[in-house]
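The values are calculated or read from the model by the stated rules, or taken from the named source; none is laboratory data. Keep in mind it's a predicted model, so treat the numbers as computed, not measured. Here the Cβ positions follow ideal geometry from the backbone for every residue, glycine too, while neighbour counts run over all protein chains shown.
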Amino acid sequence: MTVCCVLLTVLSFKFCTPCEHSYLLDLLACVVVFSGGEAAHTAVKRFTGLYTGPYFDPTTTTNITTQLGTHAYLPCKVKQLGNKSVSWIRKRDAHILTVDRFTFIADDRFQAFLVENTDTWTLQVKYVQARDAGEYECQVSTEPKMSHFITLNVVVPKIEILGESDIFVKTGSTVQLKCVITQSLEEPAYIFWYHDGNRVLKYEENAIDIKIEREATQTTVSTLVIYNTRSEDSGNYTCSPSNLDSASVLLHVLNGEHPAAMQRGKNSASPIPAWSHLSMGLGLAACTPPRFAIAVALSLAALSELLAC
């Protein structure tokens, strides 16, 4: 190959008057002789489809999923940016969030920064809220403008304490309150339990126990165990994970009392049925003979007691 090129070049300088033109032609002939045209095709292909200005990396993601309360990072990889600017725009209200490193929204949860050596302009959304879900536009200040869109999906975990909202137990029994958190991409940093507003601590052995388990990919369970319950254990119990809503139940510790009787005893404003009828009968005394009024009152009271039974 090299010999061919050298010979053709020497001949072109020796026999051609316009040496520059002959030299270029001979070089082209050398390439064709050597590769049968392949090298020429490759040379042309090298200059096909090249970007002369900014362009988005085609491998950049178009979907980001994050959990409520965490931080979200939306990447926008721009090659050959040059002196152009990169802006982030929230599509639902066309609000300009950032331009390069400058923030143009009062919400300081939004910030853009360049990840060095990666050509990636990243939009950070701190403490993501449900309303942050939607489409975001990464725009480059070319003419016309270039845009890359990323959809932010916000997963809202669900939290509940299993069972009824009111729990009735007998004194001395063992109670388990199970708080289940589902659709949680990340395990909570902590889960606190509160009793009537005061944090429950494992301060007494064989009295209270708190267990936390990651049962599945997106499920975390916290169990509060109360041993040998006493009347003072009654009250509101709240399960409160980090960066999430809380869930509550009411625990009623009964001292040999039936739940229905306890609920009836709470309502002190309710009149006693027998006495209501007695007062009604006594009211008749104003317009009837006293002996008749008393008889009616006693009869109504007796009938009321029989119906209550």
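The table below lists the values:
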read-out: Residues satisfying the stated conditions in segment 137-178, i.e. surrounded by 17 or more Cβ atoms within 10 Å (Cβ to Cβ) and within 27 Å of the chain's Cα centre (by Cα); value: E137, C138, Q139, H148, I150, L152, V154, V155, P157, I159, I161, L177
read-out: Yes/no for L177 being in contact with a Phe, Trp or Tyr (Cβ under 6 Å, 6 or more places away or on another chain) and of a type in the set (A, V, I, L, M); value: yes
read-out: Failed item, numbered, when S173 is tested on (1) outside any strand (DSSP E or B); (2) under 30 Å from T61 (Cα atoms); value: (2)
read-out: When residues of segment 129-157 are limited to those that are in a loop (DSSP other than H, G, I, E, B) and not charged (D, E, K, R), the one farthest from F110 (Cα to Cα); value: P144
read-out: Residues located in segment 71-109, provided they are part of a loop (DSSP other than H, G, I, E, B) and in contact (Cβ under 8 Å) with a residue 24 or more places away in the chain; value: H71, Q80, L81, G82, K84, S85, K91, R92
read-out: Residue that is nearest to T182 (Cα to Cα) [pool: residues in segment 62-91 that are charged (D, E, K, R) and over 27 Å from the mean Cα position of the chain (by Cα)]; value: K79
read-out: Restricting segment 197-228 to residues that are acidic (D, E) and closer than 19 Å to L162 by Cα, the residue that is surrounded by the most Cβ atoms within 10 Å (Cβ to Cβ); value: D209
read-out: Leading residue by the ranking (nearest to the chain's Cα centre (by Cα)) among those in segment 110-128 that are closer than 19 Å to L152 by Cα and in a loop (DSSP other than H, G, I, E, B); value: V128
read-out: Residue selected from segment 104-125 under the condition within 22 Å of T66 (Cα to Cα) and β-branched (V, I, T), by the criterion surrounded by the most Cβ atoms within 10 Å (Cβ to Cβ); value: V125
read-out: Checking T220 against (1) closer than 30 Å to L74 by Cα; (2) in contact (Cβ under 8 Å) with a residue 60 or more places away in the chain; (3) not aromatic (F, W, Y), the condition it does not meet; value: (2)
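This table checks each residue for (1) closer than 30 Å to I212 by Cα; (2) modelled with pLDDT of 95 or more.
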| site | (1), (2) |
| --- | --- |
| L68 | yes, no |
| L74 | no, yes |
| F110 | no, yes |
| L114 | no, no |
| E135 | no, yes |
